[in-house]
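Asker: The structure under discussion is supplied below as structure tokens; questions concerning it will follow.
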Amino acid sequence: MSRKTRPDIVVRIAKPEDSSVCGRICFDAFSTINATHGFPCDFPGPEVTSGLLSMMFSHPDFRCVVAEADGRIVGSNCLDERSVIRGVGPITIDPSVQNLGVGRKLMQAVMDRARERGAPGIRLVQAAFHNRSLSLYTSLGFDIREPLSCVQGRTLERSVPGCVVRPAKSDDADACNALSRLVHGFDRGVELAEAIEQGSARVVERGGRVTGYATHLAFFGHSTAETNPDLQALIASAESFGGPGILVPSRNHVLLRWCLANGLRVVQPMTLMSAGLYSDPSGAWLPSVLF
């Protein structure tokens, strides 16, 4: 296709009613790229991606955009603004309009938004086998920070001695946020409060105090803990992990080896990337697929 016949790409704010079309594109994009590289799709069907994007497009703390080519929606992207560090994704583009610069425009739109709002840093997680996305994010200023292993299954060990896991309560928020600030340098209090309200959040106690928490042991949940045993207790408490699985930092060889010894399997390799402020965490942690 010559430059003269390329469609004009316009990026605008997403509307809730865009979620059905964008959900189908999201599913098609993930299923196509994953199948090409021999990996299962991250989502079971377009109804799941449409529901996810409907939530994001309607959420006051997400900035979501869609790209249109000659008036037709061809992709979307979201910026999670629930913490001082912003998270990006999912960014998806209609497979029929690849290599037209749609992804770059969608990324630039959310990066500009983060910059305008004074966010000190932006992060995302990409599929390590996806060469085009790695090249795009790197060219836009993102740096590789952590190789990740997406793992799935049910652990053989169902508990860790000395650790007690229970549902998180609103009274746990201060302790959990203090732990996040200790490990990461910032908290994710809005996400945590939402997870507590939804009933997916858990805490682990050791010695009578909170030593770790998880908003959800799932693809879209994050976990933070003082030590690996605290995180292992949280992982062991789950009957299953939501979505493709949890994201284990691959350089935490002790934790990853424990997961494998406990019957969990690696589903796919992924990569945490960041632009702007980043400090290596000082404890045990699992990112969400947003960051």
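The values are calculated or read from the model by the stated rules, or taken from the named source; none is laboratory data. Remember, predicted model here, so these are calculated numbers, not experimental data. Cβ coordinates were reconstructed from backbone atoms using ideal geometry, including for glycine residues, and neighbour counts include every protein chain displayed.
Asker: Scan the range 127-175 for residues that are within 25 Å of MET270 (Cβ to Cβ) and in contact with a Lys or Arg (Cβ under 9 Å, 6 or more places away or on another chain) and jot them down.
Answerer: Scanning the range 127-175 gives LEU136, SER139, LEU140, PHE142, ARG145, GLU146, PRO147, VAL151, GLN152, GLY153.
Asker: Filter the range 23-44 down to residues that are under 14 Å from GLN152 (Cβ atoms) and free of Cβ contacts under 8 Å to residues at least 40 places away in the same chain and give me whichever is surrounded by the most Cβ atoms within 10 Å (Cβ to Cβ).
Answerer: CYS41
Asker: For residues in the range 91-100 being surrounded by 22 or more Cβ atoms within 10 Å (Cβ to Cβ) and of a type outside the set (A, V, I, L, M, F, W, C), which is farthest from the chain's Cα centre (by Cα)?
Answerer: Of everything passing the filter in the range 91-100, ASP94 is farthest from the chain's Cα centre (by Cα).
Asker: The conditions are (1) at positive phi; (2) in contact with a Cys (Cβ under 9 Å, 6 or more places away or on another chain), and GLY101 fails exactly one of them. Which is it?
Answerer: It fails just one condition, (2).
Asker: Residues that are without any contact (Cβ under 8 Å) to a residue 40 or more places away in the chain: which strands (runs of 3 or more DSSP E) entirely in the range 90-190 hold 2 or more of them? Steps first, please.
Answerer: Details: elements: 121-127, 143-152, 164-167.
Ranges flagged: 164-167.
Asker: Every residue in the range 37-81 that is touching a Phe, Trp or Tyr at 6+ places or on another chain (Cβ under 8 Å), at pLDDT 95 or above and assigned to a loop (DSSP other than H, G, I, E, B), please.
Answerer: GLU81, the sole residue that qualifies.
Asker: Looking at ALA14, is it within 24 Å of LEU134 (Cβ to Cβ), surrounded by 15 or more Cβ atoms within 10 Å (Cβ to Cβ), touching a strand residue (DSSP E or B) at 6+ places or on another chain (Cβ under 8 Å) and of a type outside the set (Asp, Glu)? Walk me through how you get there before you give the answer.
Answerer: Details: within 24 Å of LEU134 (Cβ to Cβ): no; surrounded by 15 or more Cβ atoms within 10 Å (Cβ to Cβ): yes; touching a strand residue (DSSP E or B) at 6+ places or on another chain (Cβ under 8 Å): yes; of a type outside the set (Asp, Glu): yes.
Taking the combined requirement at face value, the residue does not satisfy it.
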